[in-house]
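Every number here is computed from the coordinates shown, using simple stated rules; none is lab data. The structure presented is a predicted model; accordingly, all values stated were derived computationally and were not measured. Please note: Cβ atoms are built from the backbone with ideal geometry, for glycine as well, and neighbour counts cover all protein chains shown.
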Amino acid sequence: MTTLLITGGAGFIGANFVLQAVAQGYRVINLDKLTYAGNLDTLVSLEGDDRHVFVKGDIGNRALVAALLKDHAVDAVVNFAAESHVDRSIDGPAAFVETNVVGTLGLLESTRDYWRSLDGAAQKAFRFLHVSTDEVYGSLGDEGQFKETTPYAPNSPYSASKAASDHLVRAFHHTYGLPTLTTNCSNNYGPYQFPEKLIPLIIQKALVGEALPVYGDGLNVRDWLYVGDHCTAIARVLEAGRVGETYNVGGNAERENITVVKAICALLDERRPLADGRKRESLITFVKDRPGHDRRYAIDSSKLQTELGWQPSQTFETGIAHTVDWYLNNAPWVTRVLDGSYLMERLGA
């Protein structure tokens, strides 16, 4: 049985990947610091399953990482661990540098040393897959898409910290020979997402009839990627990606933010009408834009599709309907997440 060390495996994308990996027969060692965005409730279905071992800890703890790699004879590392919210990075960039840059460096060094200790066959088969973001590429105009060859031009403390970690991963491959892979994804959405991000935030506020904050004019464009599709893409890259390469992962679903918000309003009006009969679009409130807000992201994932045969299974319409239904059916999960440390207030103003 293949053993994966998954870092950040109690976060949104990481936990979805853990659930998928265990279902597919992998053994998972799950290392997560359990910051505000880490939530073991997401993994409750794995309690008592010996294919999943959870360890609370920091990727920058080199002794801990070294012990986990050796003691569990890990075959691959998948690094999801990161501070990931742009607004929070505006308020406190130091935490993003500490985790995303310094933490990733520690993880790389521990992994490199472990990889060097393996015998020939195990060393050849080993992989380090680093999960990153399209935000490292900066902002697009009305035309074009990000390709793997697009120059980096990060515009927020978050994207700058992720760009630095991407460069470290590349450097460890070219300098030390560590067999690395990198994925850069577009905006994820789906079950188990912490409600500071646009889609779950709008769902929660719209459910109770609160004002729905939309930054600026609402015309910023993102390519929306259903989290389950992202996880299958990562699994495919881990399985067959070319060592040292980067693969962009997109959902083929560019939408303006205001279009996304209106779609959520329409779904909730249909499934859970407000008692007073108001349409939720009337709750949309345009607020002062985020500082340095990138105008448009769009991903060209043709390399992944052509080389590895991956395609997204969800359209935006099917994915957003699945997502709204999940939040409607899992209110206790949301209630426990909103434990007082975050109350859906504006961050990064």
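Data for the structure
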read-out	value
Packing-based exposure ordering (other Cβ within 10 Å, fewest first) of Asp49, Asp113, Asp58	Asp49, Asp113, Asp58
The chain: angle of helix 227-240 to the longest principal axis, Cα-based, in degrees nearest 10	20 degrees
Order by protection proxy (mean Cβ within 10 Å, highest first), peptides 64-70, 230-236	230-236, 64-70
DSSP beta bridge pairing in the chain, given as percent antiparallel to the nearest 5	10 percent
Shape metrics for the stretch 176-289, restricted to C-alpha atoms - Rg then Dmax, Å	17.8, 64
Helix-only mean residue ellipticity at 222 nm for the chain, each DSSP H run of n ≥ 4 adding -39500 (n - 2.57), per residue, nearest 500	-12000 deg cm²/dmol
Pairwise label distance in nanometres, Asp41 with Arg278, each label 7 Å out on the Cα-Cβ vector	2.6 nm
Among 238-251, 145-158, the order from most to least packed when residues are scored by Cβ within 10 Å on average	238-251, 145-158
Degrees, to the nearest 10: 12-23 long Cα axis against longest axis of the chain	60 degrees
Zone residues, the stretch 5-19, relative to Leu34, backbone N less than 19 Å from point 7 Å out along Cα-to-Cβ	6-16, 18-19
Where the Cα pairs of the chain fall when distances are cut into 10 Å bins, in %	5, 25, 36, 24, 8, 2, 0
The stretch 1-125: Cα Rg divided by the 2.2 N^0.38 Å rule of thumb	1.06
Student exercise, the chain dipole from Lys, Arg, Asp, Glu Cβ charges, in Debye to nearest 20	220 debye
Mean Cβ neighbour count within 10 Å, used as a protection proxy, ranking 268-281, 27-40 highest first	27-40, 268-281
Alpha-carbon Debye profile of the stretch 225-349, log10 I(q)/I(0) at 0.10 Å⁻¹	-0.47
Helix 62-71 vs. the chain, principal-axis angle (Cα, 0 to 90°, nearest 10)	70 degrees
Tail weight of P(r) past 20 Å, computed on alpha-carbon pairs of the stretch 112-214, percent	58 percent
